[in-house]
């Protein structure tokens, strides 16, 4: 469910029409619904109410500071994958004790920053990383809290770019190798074994792969507890899918919660807290990208609707071939349907938002809303073709505010310089 709906023929975000936002803030821009974020987080909290848990929102999905501040106020922690994300989270007021640090390539500087902040734990992806964390902790004279990210070799049945639990993935540690690495960690005084972690992929549309992975995690956790490991957390990752197309029915958070609770209730009864890292399922349906039609081009073989939003603004269709529903902001004009490509101004044939899409035929200056764009939209945006990044707008009830200003041309060259010898 989201809070985007038509009123008297115009698409609204909560109590504000999108054409009003376009007039005030320009296009393209991202528009987020506060109420949708709030509801999705509450639903996930409720889905895991039978077990002790901590929801660590996956910051990479949408890292806007206003969103992070709201989530922190509702009790969320954060799953970060870079020093920059850690900086954003702490700046937004989320306590470091509710932060887990994931990712395969943490630098010594990032590890040191996280130890300084006293985060909850690192999700460790390799033996080399474990050694680096131990060395940085020793240098700082402290103990580093860790979990190993185990790789159960479970096929998540999702897009190969976002599958992370197979044996040929760059992520995680094979189960038996993880067991041996845990023994090394338990013997290292600069490391504190705090948990076990597993994340098999994103945009999951079936629960059985999750159940299979958790069975392997539960077995490993029991072995570690029998060994005397001071486990406190089982981090099950995130990845629950969302409906990008009409008719898609991925598992609900309630069904996901039942599966997780059923698989891990005995570990929970032993005092372990379940950490869940949802990102897409919290953010995706909470946002749209608002674009304006620049022109319609007909080359005889195909019709193109050229809009002011492009692949640098929303990369998912070009990168993954992803589907986003595209709808007219004003439905009062009844236009005949036509098959079109919705494309942007970028100088690439791969710059498209939709291909061969049947839409009511737009006209120049029409506003279109690209749905389910709140996750991996702005966070993947770039300045390709020297295009300033677009604005982000947050709506709550009948109020709205720009929560990230549109960049201007000066922002494009900020930080650049020419050495004195260039023109010698």
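No lab work stands behind these numbers, since they all come straight from the coordinates. Fair warning: this is a prediction, and the values are worked out from it, not measured in the lab. Methodologically, a virtual Cβ is constructed for each residue, glycine included, from the backbone with ideal geometry; neighbour enumeration extends over all protein chains shown.
If the chain linking residue 116 and residue 327 were pulled fully straight, counting 0.36 nm for each residue of separation and taking away their Cα-Cα distance, it would gain 71.3 nm. Summarising the label geometry, the points placed 7 Å from Cα in the beta-carbon direction at residue 364 and residue 335 lie 1.3 nm from one another.
Helix 208-227 and the longest principal axis of the C-alpha atoms of the chain enclose an angle of approximately 30°.
In this label model, residue 413 and residue 349 are separated by 3.4 nm, measuring between points 7 Å along each Cα→Cβ vector. Extending 7 Å from Cα along the Cβ direction at residue 7 and again at residue 319 yields two label points whose distance is 3.4 nm.
Computed over the alpha carbons of the chain, Rg followed by Dmax gives 23.0, 73 Å. In plain terms, the chain from residue 248 to residue 139 could stretch by 34.1 nm, reckoned as 0.36 nm per residue minus the Cα-Cα distance.
Between rounded, prolate and oblate, where does the stretch 340-424 land on the alpha carbon gyration tensor, with a ≥ b ≥ c its root eigenvalues, rounded for a/c under 1.5, else prolate if a/b exceeds b/c? Oblate, because a/c is 1.5 or more while a/b does not exceed b/c. Can you bin the stretch 1-103 into rounded, prolate or oblate? Criterion: square roots of the alpha carbon gyration tensor eigenvalues sorted a ≥ b ≥ c, rounded for a/c under 1.5, prolate for a/b above b/c, oblate for the rest. In terms of gyration-tensor shape, oblate.
Could you work out the relative contact order of the stretch 166-303, using alpha carbon pairs under 8 angstrom and six or more residues apart, expressed as a whole percent? Spell out each step's value before the answer.
Values: 145 pairs, mean separation 33.9, N = 138.
Computed over the stretch 166-303, the figure is 25 percent.
From the helices alone, meaning DSSP H stretches of at least four residues, give me the mean residue ellipticity at 222 nm for the chain, per-run term -39500 (n - 2.57), in deg cm²/dmol to the nearest 500. So the calculated ellipticity at 222 nm is -9000 deg cm²/dmol. With springs only between Cα atoms under 10 Å apart, run a GNM on the chain and tell me which of 180, 206, 110 wobbles the most. For the chain, modelled as a Gaussian network with Cα springs under 10 Å, the answer is 180.
If r is the Cβ-Cβ distance from residue 186 to residue 269 and R0 is 30 Å, what FRET efficiency results, to the nearest 0.05? With R0 = 30 Å, the Cβ-Cβ based efficiency is 0.80. For the chain, the longest principal axis of the alpha carbon atoms and the long axis of helix 34-47 meet at an angle near 30°. Look at the Cα gyration tensor of the stretch 34-283: its axes a ≥ b ≥ c give a/c of at least 1.5 with a/b at or below b/c, and that counts as oblate. Here 420, 308, 2 are placed in order of increasing Cβ neighbour count within 10 Å, fewest first, which gives 420, 308, 2. Between the beta carbons of residue 399 and residue 304, assuming R0 = 51 Å, the FRET efficiency works out to 0.90 to the nearest 0.05.
Shown for 416, 277: other C-beta atoms within 10 Å of each C-beta, ranked fewest to most, produce the order 416, 277.
The stretch between residue 24 and residue 406, if pulled fully straight at 0.36 nm per residue, gains 136.3 nm over its current Cα-Cα span.
Counting neighbouring Cβ atoms within 10 Å and putting the fewest first, the residues 199, 7, 323 line up as 7, 323, 199. Counting only alpha carbon atoms, the long axis of helix 127-140 and the longest principal axis of the chain meet at about 80°. As a length-normalised measure over Cα pairs under 8 Å and 6 or more apart, the relative contact order of the chain settles at 20 percent.
Largest GNM mean-square fluctuation among 414, 333, 292, using the chain with Cα springs under 10 Å: 414. The Rg/Rh ratio for the stretch 290-380, using Cα coordinates for both the radius of gyration and the Kirkwood hydrodynamic radius, is 0.94.
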